[in-house]
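These notes concern the structure reproduced below.
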Amino acid sequence: MHRLPRRSVSAILRHGGARYRNSAAPISCASTHCSSVGGTDRQVRWHSVLVPGKCNTTNSATFNLKNGLYFGNRYESTAAASDASAAPPAETYEYQAEVSRLMDLIVNSLYSNKEVFLRELISNASDALDKLRFLSVTQPDLLKGGGDLDIRIQTDKDNGIINIIDSGIGMTREELIDCLGTIAQSGTSKFLKALKDSKDAGSDNNLIGQFGVGFYSAFLVADRIVVSTKSPKSDKQYVWQGEVNASSYTIQEETDPEKLIPRGTRITLYLKCDDKGFAHPERIEKLVKNYSQFVSFPIYTWKEKGFTKEVEVDEDPAESKTDEQDEKTEKKKKTKTVVEKYWDWDLTNETQPIWLRNPKEVNTEDYNEFYKKTFNEYLDPLASSHFTTEGEVEFRSILYVPAVPPMGKDDIVNPKTKNIRLYVKRVFISDDFDGELFPRYLSFIKGVVDSNDLPLNVSREILQESRIVRIMRKRLVRKAFDMILGISMSENREDYEKFWENFGKHLKLGCIEDRENHKRIAPLLRFFSSQSEDVMISLDEYLENMKLEQKDIYYIASDSVTSARNTPFLEKLLEKDFEVLYLVDPIDEVAIQNLKSYKEKNFIDISKEDLDLGDRNEEKEKEIKQEYGQTCDWIKKRLGDKVASVQISNRLSSSPCVLVSGKFGWSANMERLMKAQTVGDTSSLEYMRGRRVFEINPEHPIIKNLNAASKINPDDEDAIRAIELLYDTALVSSGFTPDNPAELGGKIYKMMSLALSGKWSTPAAEIQQPEPQQHNPEILEAEVRYNHPETLEAEVVEPVEAGSQK
């Protein structure tokens with residue numbers, strides 16, 4: 001295609017493209033239904049879906065009915081050549097479209113959910129009612145004889161038919177062609193533009209339409225659509241008919257007296273076979289409550305109802321025989337209760353959303369009831385916030401803090417929740433967001449947001465990224481933090497304890513993911529400490545308890561309060577009465593490292609090297625280094641690459657040694673967590689583990705003995721064995737995991753055997769064997785009598801010589 005010269009473009013813009021309009025002429029008359037320009041209005045007319053206009057036979061374009069292709073006329077540019085050597089004049093063409101294919105793209109590509117058809121049609125009906133209400137201010141006659149302003153939906157589930165009726169402004173024949181016959185032309189947008197250009201235009205309007213394609217969403221579920229409409233500006237009622245795969249439509253005047261309506265529009269959908277389930281009254285009622293519950297006008301659905309009544313029961317002839325005395329007495333007739341069913345209109349929506357009301361007029365019970373009903377909750381929320389923002393972005397919102405954490409898949413790592421319901425002009429758009437309105441760590445917040453000017457895509461299902469969305473997100477997050485801060489400042493401390501138990505991890509995640517809101521998150525954090533092991537404290541409470549000489553906020557990360565309490569890193573700090581935070585949750589350490597500081601106080605890990613407690617004595621340190629410098633070098637030589645260096649410790653008081661982490665490496669707790677990761681990268685473990693520093697306590701007897709050994713006999717095997725055992729025990733007491741637990745156990749057993757050897761038992765060499773003893777018969781007899789009295793049956797008699805007397 002040739003490029004159009006700039007002069008030709010300016011000519012087209014200046015004259016409005018009048019020279020090229022014939023290429024978009026209506027399709028030529030090809031049937032008996034098509035009439036000339038002067039024909040009567042009662043005859044059926046065929047029109048192009050692309051361009052409105054009356055059908056005629058002059059200057060018509062060629063239209064291929066078989067494949068739907070539409071060919072226009074060709075026109076040459078009127079731009080004059082600047083000189084004889086210039087290029088030949090460019091030819092101008094207008095875009096053509098295959099109508100059936102275009103309709104298919106609009107219907108099946110814009111919408112991902114078939115349910116939205118009802119939302120779009122109800123929104124169109126609401127716009128029609130709003131237009132009538134606005135115009136009736138200056139033209140009161142428009143409201144005569146049309147009934148109340150409402151929307152009614154009637155279904156026929158047996159035949160798969162849905163009727164949507166409104167008593168709005170309706171459409172004339174020309175408006176039918178203009179609005180329904182021209183794709184992507186919004187009558188509401190044109191009406192809003194006219195209001196904007198008018199001097200009487202107000203800034204507040206409730207019109208929803210914007211793109212001009214919402215009506216065609218009905219083809220998602222319908223094979224055929226019939227639109228019957230009556231405008232108060234016209235005396236005639238017209239019927240528009242279109243089919244899902246057709247490239248044309250029909251318009252004719254309504255002549256059936258039974259189908260005449262006083263004013264408004266009736267849309268009849270003939271559903272596809274697979275979509276006849278939408279014609280069930282219960283399904284319609286559910287869709288109305290989900291998408292259009294808060295439309296400004298009442299929505300009625302045709303619903304089966306019932307009431308109970310008492311009816312007489314026929315008596316059994318055998319039971320009717322009674323005595324004469326019984327006949328004289330009056331008998332009560334037998335009845336039973338039955339349900340009488342009937343069909344009637346039922347109000348389905350609530351016309352006044354709670355967020356549009358003045359917060360001063362809404363009490364806590366109303367907020368709680370709306371929360372339970374909207375989000376299917378059974379407990380009252382911990383807090384709520386009802387607010388309106390004005391200025392560059394205007395929207396209304398109600399936010400809630402749930403009383404219980406989400407269940408199932410809605411956990412802390414899932415940013416896609418259905419906790420925020422987005423409305424545009426009170427019409428529900430979506431509750432499926434992926435962090436557009438709230439960050440992941442605040443995904444537990446529930447509520448509704450209603451705005452009039454959100455940047456949506458054509459299907460109204462996707463919230464587009466824009467500056468308006470970023471501003472809205474920022475204000476919503478700020479309001480959420482204000483609401484949580486209100487819970488923390490409540491007189492009832494149990495409320496925030498309950499909140500922290502359920503959603504504390506979410507706020508810690510916010511320390512990692514949202515640096516911009518660190519100042520809002522930090523006051524809400526809670527931790528155990530060395531001075532409060534049973535009740536969590538805030539960082540503000542920690543600062544209040546700080547000593548005058550304390551410069552930083554100290555913390556230790558561990559797997560439990562018990563292990564943190566018994567760690568050797570705490571010894572000197574407890575002596576100074578410095579409070580230390582216990583980070584016992586796996587995410588605590590990473591959260592604190594991302595915070596870095598709070599109110600100009602840095603967070604210091606007491607398990608890292610270069611700990612400064614503010615009591616350094618350089619002269620004393622110099623003397624100790626001179627005394628134990630050789631010992632440190634000796635220990636480092638024996639430990640080799642296991643440690644980066646051996647230093648004198650300023651954090652120990654009762655333990656002989658401790659193993660501290662490098663300043664920029666993982667702590668023992670973090671190393672333990674990374675090893676436990678199921679999908680962790682073990683290749684980076686050695687690198688991130690960093691350096692380990694072996695610190696010794698020069699005041700401990702073991703270190704003093706080793707100091708003497710290093711100077712007298714540095715190659716002594718017992719001293720070397722003691723160094724290795726010291727390192728292994730320091731590894732365990734500092735929170736690290738030994739590489740070879742069995743080897744460590746063997747060293748301990750060997751040391752125990754040396755320490756306990758001969759303490760309670762006599763050496764084997766000193767044990768003497770007893771000499772064999774002569775058995776005395778009398779003694780033997782006594783032993784036998786004592787041990788086995790039952791075995792003695794005969795008396796032992798002393799032997800005598802023959803002939804002697806006893």
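The values are calculated or read from the model by the stated rules, or taken from the named source; none is laboratory data. Computed from a predicted structure; not experimentally measured. No Cβ is skipped: glycine too gets one built from the backbone with ideal geometry, and neighbour counts run over all protein chains shown. For accessibility, only protein heavy atoms count, side chains too; no ligands or nucleic acids. Shrake-Rupley method; radii C 1.70, N 1.55, O 1.52, S 1.80 Å.
Structural remarks
- At a probe radius of 1.4 angstrom, the accessible area of region 240-303 per residue rounds to 45 square angstrom.
- Peptides 267-274, 514-521 ranked from most to least packed by the mean count of surrounding Cβ atoms within 10 Å: 267-274, 514-521.
- ³J(HN,Hα), Karplus 6.51/-1.76/1.60, whole Hz, each residue of region 287-293, x for Gly, Pro: 5, 5, 5, 7, 9, 10, 5
- Heavy-atom accessible area, probed at 1.4 angstrom with all protein chains present, ranks Glu282, Glu254 as Glu282, Glu254, highest first.
- Rolled with a 1.4 Å probe across the full set of protein chains, the surface gives Cys179 an accessible area near 40 Å².
- Accessible-area composition of region 510-610, carbon plus sulfur, in percent [1.4 Å probe]: 45 percent
- Counting heavy atoms of the protein chains alone, His700 has an accessible area of about 30 Å² for a 1.4 Å probe.
- Peptides 168-177, 716-725 ranked from most to least packed, by the mean per-residue count of other Cβ atoms within 10 Å: 168-177, 716-725.
- Residue-by-residue Karplus 3J(HN,Hα) for region 122-134, coefficients 6.51, -1.76, 1.60, Hz, glycine and proline x: 5, 5, 4, 5, 5, 5, 4, 5, 5, 4, 5, 5, 5
- In this structure, the amide hydrogen of Arg224, modeled 1.01 Å from its nitrogen in the peptide plane, lies closer than 5 angstrom to those of Tyr270, counting only residues at least 5 positions away or on a different chain.
- Taking each residue as 0.36 nm, the span from Ser645 to Tyr378 lengthens on full extension beyond its C-alpha to C-alpha distance by 90.1 nm.
- Structure note, pairs Lys596/Lys642; Lys305/Lys372; Lys599/Lys625; Lys572/Lys636: Cα-Cα distances above 32 angstrom occur for Lys599/Lys625.
- Subset of Lys289/Lys508; Lys230/Lys303; Lys286/Lys479 violating a 29 Å alpha-carbon distance limit: Lys289/Lys508; Lys286/Lys479
- Overall form of region 525-605 per C-alpha gyration tensor (a/c, 1.5; a/b vs b/c): rounded
- A simple spin-label model places pseudo-atoms 7 Å from Cα toward Cβ; at Leu548 and Asp715 they are separated by 5.8 nm.
- Applying 1/(1 + (r/R0)^6) with r as the Cβ-Cβ distance of Gln252 and Lys334 and R0 = 45 angstrom yields a FRET efficiency of 0.15.
- Of the solvent-accessible surface of region 618-756, computed with a 1.4 Å probe and all protein chains present, 53% belongs to carbon and sulfur.
- Amide proton proximity set for Leu382, modelled H, under 5 Å, gap of 5+: Val401, Ala403
- In sequence order, calculated HN-Hα J values of region 354-361 (Karplus, 6.51, -1.76, 1.60; Hz; x Gly/Pro): 5, 6, 8, 7, 5, x, 5, 9
- For the pair region 264-307 / region 599-620, the C-alpha centres are spaced 71 Å from each other.
- Gained length - Lys233 relative to Asp274, 0.36 nm times residue gap less alpha-carbon distance: 10.8 nm
- Ranking Ser734, Trp634, Ser653 by how far each Cα lies toward the positive end of the dipole of region 618-756 (charges on Cβ) leaves Ser734 at the top.
- Placed amide H near Arg426: partners under 5 Å, 5+ positions off or other chain: Ser451
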